[in-house]
1. How about region 82-94: which of its residues are under 16 Å from residue 70 (Cβ atoms) and surrounded by 15 or more Cβ atoms within 10 Å (Cβ to Cβ)?
2. Suppose we filter region 66-84 for residues that are at pLDDT 85 or above and out of contact with any helix residue (DSSP H, G or I) (no Cβ under 9 Å at 6 or more places or on another chain); how many remain?
3. State which residue is nearest to residue 41 (Cα to Cα) when the search covers only region 96-119 and only residues that are part of a strand (DSSP E or B) and in contact with a helix residue (DSSP H, G or I) (Cβ under 9 Å, 6 or more places away or on another chain).
4. Need the failing condition index for residue 35 against (1) surrounded by 10 or more Cβ atoms within 10 Å (Cβ to Cβ); (2) out of contact with any strand residue (DSSP E or B) (no Cβ under 7 Å at 6 or more places or on another chain); (3) modelled with pLDDT of 85 or more, just the number.
5. Which of (1) touching a helix residue (DSSP H, G or I) at 6+ places or on another chain (Cβ under 6 Å); (2) outside any strand (DSSP E or B) is the odd one out, the single condition residue 93 does not satisfy?
6. Which residue out of 100, 68 is over 15 Å from residue 119 (Cα atoms) and touching a strand residue (DSSP E or B) at 6+ places or on another chain (Cβ under 6 Å)?
């Protein structure tokens, strides 16, 4: 075999190995967004997959126990018990009634074990009705821009 043939085989092995590593790395880090009902429908496969679940934090369900924070997510009359055992502090907007996303896995006990929590309070970021800038209010047109006119003497 000539030297170009050996080089081509070596390059094919290297490129194939890199492609395999890239593919397996992407597959290992994928997170699927599911609703609470979809998570329940997954059955036992929910215990082996990294999943992101969203919902509203049920009022007065946040309990700090030791190093964990337990709370209940609700979505369309479905509830999910969540235990957050992550090392990062909870977001400031994480409170009763806030919308939250929990990343983690469903445990065999039916409790979702989250490693990351993201929260937002929809009322904090949404504009109040009628409080949009004048340009965005219906019926209001922006004032025309006048150009300075030269006066002739």
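1. Residues satisfying the conditions are 82, 83, 84, 86, 90, 94.
2. Within region 66-84, the subset at pLDDT 85 or above is 68-84.
With the extra rule that they be out of contact with any helix residue (DSSP H, G or I) (no Cβ under 9 Å at 6 or more places or on another chain), the set shrinks to 68-72, 77, 81-84.
Of the residues in region 66-84, 10 are at pLDDT 85 or above and out of contact with any helix residue (DSSP H, G or I) (no Cβ under 9 Å at 6 or more places or on another chain).
3. Only one residue tops the list, namely 106.
4. For residue 35, the exception is condition (2).
5. Condition (1) is where residue 93 drops out.
6. None of the others qualify; the one that does is 68.
The values are calculated or read from the model by the stated rules, or taken from the named source; none is laboratory data. Keep in mind that what you see is a predicted model, and the values were worked out from it rather than measured. Don't worry about glycine lacking a Cβ; one is built from the backbone with ideal geometry, like all the others, and counts go over all protein chains shown.
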